[in-house]
């Protein structure tokens, strides 16, 4: 299969299958327990953030990492971009979550685009977001899927913001970013210093 990969380095915060919600605390260098999912569902894929990125809200881009077996909080994963999930936050702004697969997992070797995932996996992701928000008493946000090209554009823009921010020497702490299933009151600020990698 011809390769046209866009890669990134992701830091796992919440492993697949977890009911607990962890987040990286930049000030202490530890992973903090934020709470437990409201729903009886579990994390559908490893979840974390992309190193060396700054999203439009000032925090690192978030991402899901598909891998055959769960990793652990703090695990650094070389991941291939396959798409993104567009989520609208409470202010009506788009808060995209990149969808990636672990490069080191041979079971995902041929998954290069969103359409390569099974329809069940896509429905599972949608169900996870909907169920969490319903049990939290929050408005269910509109969800839409973005292809690999759109996701790559989001990644490149976030990497550019990170470079510009660090070139200026800014040390401003980023605002809180949401973790799926975590109420707004429990969100925390994070701004992991990072780097990314892309190859064809």
| query | Assuming residue 5 fulfils every condition listed in (1) out of contact with any helix residue (DSSP H, G or I) (no Cβ under 7 Å at 6 or more places or on another chain); (2) farther than 23 Å from residue 165 by Cα; (3) buried (at least 16 other Cβ atoms within 10 Å of the Cβ) apart from one, which condition is it? | reply | (3)
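For residue 40, indicate whether it is farther than 16 Å from residue 129 by Cβ and outside any strand (DSSP E or B). Spell out how you get there, then give the answer.
Working: farther than 16 Å from residue 129 by Cβ: no; outside any strand (DSSP E or B): yes.
Judged against the criteria, residue 40 is not a match.
Laboratory data are not the source of any read-out in this text; all were calculated from the coordinates shown. In this text the structure is predicted, and so the values were computed from the model without any measurement. Heads up, the Cβs are rebuilt from the backbone with ideal geometry, glycines too, and the neighbour counts pull from every protein chain shown.
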